[in-house]
Amino acid sequence: MDSLILRKTTREDIPSIIAIEQASFVSPWNVHTFLTALHDRRSCNITARYNDRIVGYCFSLGMKNMVHLLNLAVHPDFRRQGVARRLLDEIFSFARSNRKSYVFLEVRKSNDIAKRLYTSAGFTHVSTWQRYYSDTGEDASIMVRRLERTDG
């Protein structure tokens, strides 16, 4: 998607993000959660736009030596077109520019599509958190990507 534009997420983006969130997850984040993440000074929140339409987003939080990828979703009509990969690349750039060594995330054990994406982006499974998701009791796969100095 050559005309995909990535930019910092704004408060005005939240209604479109909520719509994608609700179409993507069993237990979607609410407005308050998005606004809290948006206003955290340690965060990197990126919105993907195609023809001035929000088609994806990624919320992450810079921590001591790592970046926690909190939430990533792409509108169903725009999946498998490289949007998620571009968002991940932006998070990797944020991590490197802030001298972070790792990016980590948790993903539902049953979410094979997301796990394949993350594996193809260099993440590896490091742990399973039992009954992590309170809505279903499902386990979470914890995945990490180490960022080398020569990475990128």
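Every number here is computed from the coordinates shown, using simple stated rules; none is lab data. Keep in mind that what you see is a predicted model, and the values were worked out from it rather than measured. Please note: Cβ atoms are built from the backbone with ideal geometry, for glycine as well, and neighbour counts cover all protein chains shown.
One equal scatterer on each Cα of the chain, no solvent, Debye formula: the resulting log10 I(q)/I(0) at q = 0.09, 0.21 Å⁻¹ is -0.26, -1.57.
Amide H contacts of Leu147 (H built 1.01 Å from N, in plane; Pro and chain starts excluded): Tyr102, Val103 sit under 5 Å, all sequence-distant by 5 or more or on other chains.
Placing unit charges on the Cβ atoms of the charged side chains and taking the dipole of the chain about its Cα centre, the candidate lying farthest along the positive direction among Val83, Met66, Leu4 is Met66. Basic side chains Lys and Arg get +1 at the Cβ, acidic Asp and Glu get -1 at the Cβ, and with that the dipole of the chain about its Cα centre reaches some 520 debye. In the chain, the calculated helix contribution to ellipticity at 222 nm averages -9000 deg cm²/dmol per residue, counting -39,500 (n - 2.57) for every DSSP H run with n ≥ 4.
With a Förster radius of 30 Å applied to the C-beta separation of Arg99 and Ile18, the computed FRET efficiency comes to 0.35. Using the Karplus relation 6.51 cos²θ - 1.76 cosθ + 1.60 with θ = phi - 60°, the per-residue 3J(HN,Hα) values for segment 66-75 come to 8, 10, 9, 7, 8, 7, 9, 8, 10, 3 Hz, with x marking Gly and Pro. Rounded to 0.05, the FRET efficiency of the Lys8 and Thr136 pair, given R0 = 25 Å and the Cβ-Cβ distance, is 0.15.
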